[in-house]
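Trainee: Just dropping this structure here.
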Amino acid sequence: MQTCVSPTEKRRIVIAGGGYAGTTLAVRLGRRIKPSDDVEILLIEPNPCQQALSELDLVAVGPPRPEFCELWLPTIFKDLPVTVCYNRVHSVLPDEHAVLVGPREGPHEKVPYWRLVLATGAVAFVPPVPGLKEHATTMWSVHDAQELQRRIEGQFRIAAKTVDREARVKALSFAVIGGGATGLEIVGTLGQMLPKRMREHGLDPADLRVHLVEGRPDILYDLPESLRKKAKARLAKLSVQLHLGSMVASVDETGITLEDGSRVDASVVVFCGGAKADPDANTWGLEVDPSGRLTVDESLHASGRSDIYAIGDVAAFRDPESKRTLPMLAQFAIREAEHTADNLLRELRGGQPEPFHPHMHGEFVSIGPSWGVGWMFRWHLSGIPAIVMKRFTYAMYWYEVGGLRLAWKRLREMLAMQR
Ligand SMILES: Cc1cc2nc3c(=O)[nH]c(=O)nc-3n(C[C@H](O)[C@H](O)[C@H](O)COP(=O)(O)OP(=O)(O)OC[C@H]3O[C@@H](n4cnc5c(N)ncnc54)[C@H](O)[C@@H]3O)c2cc1C
């Protein structure tokens with residue numbers, strides 16, 4: 001069997017998951033360790049690319065370039081003392097201080113660790129609504145974004161062959177379920193980009209219908225009301241039809257039936273109703289909260305385990321100030337990773353881990369590639385300033401993990417996507 005590790009006397013830090021959290025942690029540790037730290041860093045991630053999930057909306061409706069939201073890990077770690085093993089952590093053996101690495105069906109390699117960091121993220125959550133799983137796509141991976149793109153292109157082809165106007169409009173009706181940030185980003189991109197794509201296919205944008213369905217009475221509950229109003233005005237400008245305050249009863253191949261009995265015609269349905277922690281985390285013998293996230297203490301140690309940390313979406317960190325569990329956001333995944341890297345460096349050099357103090361300095365949601373809404377410190381922003389801030393936070397991340405070259409390359413790609 002191919003092996004991830006060579007025999008070593010060094011202390012080994014194993015990081016499971018190379019998403020926002022795992023990549024940030026491995027890069028920061030790789031840049032800061034010294035030979036005297038006598039440590040080996042092993043990142044275990046099944047994909048050779050980090051999927052930049054917060055940029056998926058651009059792939060879903062943009063030109064077919066999935067690599068746009070994938071960061072190539074071999075390039076990121078080219079010059080860093082980090083070994084990347086393109087495999088998955090199958091199980092955790094906390095009492096043996098080891099993980100089993102390998103595909104679900106085996107074989108598995110036992111890899112001992114000095115410290116383990118679990119950063120395996122989350123998956124899309126699909127509730128048991130009749131027809132939802134069969135007829136809707138989710139939006140939690142590059143594969144999902146490509147699937148949406150494939151379905152949209154398929155509908156373009158059907159519409160192009162259809163003479164009857166009503167049938168053409170039905171073929172060109174798209175619906176997003178979920179009025180949170182993810183749903184707004186997808187529906188906004190559909191509203192802004194599809195007219196252009198349709199013209200490219202010789203179709204009339206007047207035949208396009210885009211719907212947003214949300215069970216609660218309003219959208220974007222995490223944002224202040226003034227910003228929610230602006231977001232709704234933007235959706236109206238993009239001709240997105242809102243269906244608020246009615247839950248989805250069922251989904252079929254021609255659309256959505258709401259609990260109040262009304263119908264939303266849609267040939268393509270995207271479900272953006274939430275996420276749940278990596279389901280495998282439940283099988284690792286560690287404590288999880290009722291939603292399935294790994295519980296952690298104030299220093300991000302998995303409950304009762306001083307040699308295991310859990311960070312990012314898979315971990316449920318309870319903010320001691322707000323008494324709320326942190327939401328699944330890249331900005332928290334990144335900060336938890338930076339803090340954990342610093343704690344590991346302290347531990348390597350004989351110190352003690354310090355508690356994590358999360359701060360949310362802002363939040364931005366794009367509604368279409370060139371418009372946004374959000375807040376930062378005390379300021380509320382909308383339109384171009386908000387989208388610039390959102391893209392700036394991406395650029396900061398690219399700069400952190402890949403330096404100026406990556407940040408510049410990706411900024412150029414992103415600007416090209418806006419056109
Ligand atoms: C469409 C969309 C838009 C979003 N927009 C924003 C935004 O604008 N701002 C924001 O802050 N957040 C946003 N988010 C949320 C953000 O993407 C997540 O909070 C973030 O990805 C969490 O980072 P993570 O490292 O915990 O998990 P991920 O980035 O999901 O990484 C987890 C990694 O673990 C790997 N993995 C899984 N199982 C195993 C295993 N057994 N062994 C080894 N590796 C494993 C996976 O392959 C993956 O690479 C968005 C999410 C989506 C889906």
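Trainee: Residues being crowded, with 16+ Cβ neighbours inside 10 Å and part of a helix (DSSP H, G or I): count how many of those fall in the stretch 152-174.
Mentor: The number of residues fulfilling the criteria is 8.
Trainee: Please tell me if residue 222 is within 21 Å of residue 387 (Cβ to Cβ) and of a type in the set (Asp, Glu).
Mentor: yes
Trainee: In addition: Hey, among 136, 124, which residue is under 30 Å from residue 303 (Cβ atoms) and either without any contact (Cβ under 8 Å) to a residue 40 or more places away in the chain or not polar (S, T, N, Q) (or both)?
Mentor: From the options 136, 124, the qualifying one is 124.
Trainee: Can you work out which of the residues in the stretch 346-368 that are over 30 Å from residue 229 (Cβ atoms) and in contact with a helix residue (DSSP H, G or I) (Cβ under 6 Å, 6 or more places away or on another chain) is farthest from the ligand (Cβ to nearest atom)?
Mentor: Among those that are over 30 Å from residue 229 (Cβ atoms) and in contact with a helix residue (DSSP H, G or I) (Cβ under 6 Å, 6 or more places away or on another chain), it is 348.
Trainee: Answer yes if at least one residue in the stretch 120-139 is more than 30 Å from residue 257 (Cβ to Cβ) and in a loop (DSSP other than H, G, I, E, B), and no otherwise.
Mentor: Yes, the stretch 120-139 contains at least one residue that is more than 30 Å from residue 257 (Cβ to Cβ) and in a loop (DSSP other than H, G, I, E, B).
Trainee: Which residue, of 82, 99, is of a type in the set (A, V, I, L, M), within 13 Å of the ligand (Cβ to nearest atom) and farther than 26 Å from residue 327 by Cβ?
Mentor: Criteria check complete, one pass: 99.
Trainee: Looking only at the stretch 98-113, which residues are touching a residue at least 40 places away in the same chain (Cβ under 8 Å) and surrounded by fewer than 17 Cβ atoms within 10 Å (Cβ to Cβ)?
Mentor: Correct list: 107, 112.
Trainee: Filter the stretch 261-316 down to the residues that are more than 15 Å from the ligand (Cβ to nearest atom), of a type in the set (S, T, N, Q) and outside the structural domain of residue 157 (by TED's automatic domain parsing), then identify the one that is farthest from residue 212 (Cα to Cα).
Mentor: 306
Residues are listed down the side, and each one gets a yes or a no for (1) of a type outside the set (Ser, Thr, Tyr); (2) farther than 24 Å from residue 124 by Cβ; (3) over 21 Å from the mean Cα position of the chain (by Cα); (4) surrounded by 15 or more Cβ atoms within 10 Å (Cβ to Cβ):
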| site | (1), (2), (3), (4) |
| --- | --- |
| 276 | yes, no, no, yes |
| 280 | yes, no, no, yes |
| 292 | yes, no, no, yes |
| 298 | yes, yes, yes, no |
| 301 | yes, yes, yes, yes |
| 311 | yes, no, no, yes |
| 317 | yes, no, no, yes |
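Trainee: Let me ask something else. Any idea which of (1) under 25 Å from the mean Cα position of the chain (by Cα); (2) modelled with pLDDT of 95 or more is the one residue 305 doesn't satisfy?
Mentor: Answer for residue 305: the failing condition is (1).
Trainee: How many residues, within the stretch 232-270, are assigned to a loop (DSSP other than H, G, I, E, B) and among the small types (Gly, Ala, Ser)?
Mentor: 7
The values are calculated or read from the model by the stated rules, or taken from the named source; none is laboratory data. Just so it is clear, the structure is predicted and the values come from calculations on it, not from any experiment. Cβ sites come from the backbone with ideal geometry, for glycine too, and all protein chains shown count toward neighbours.
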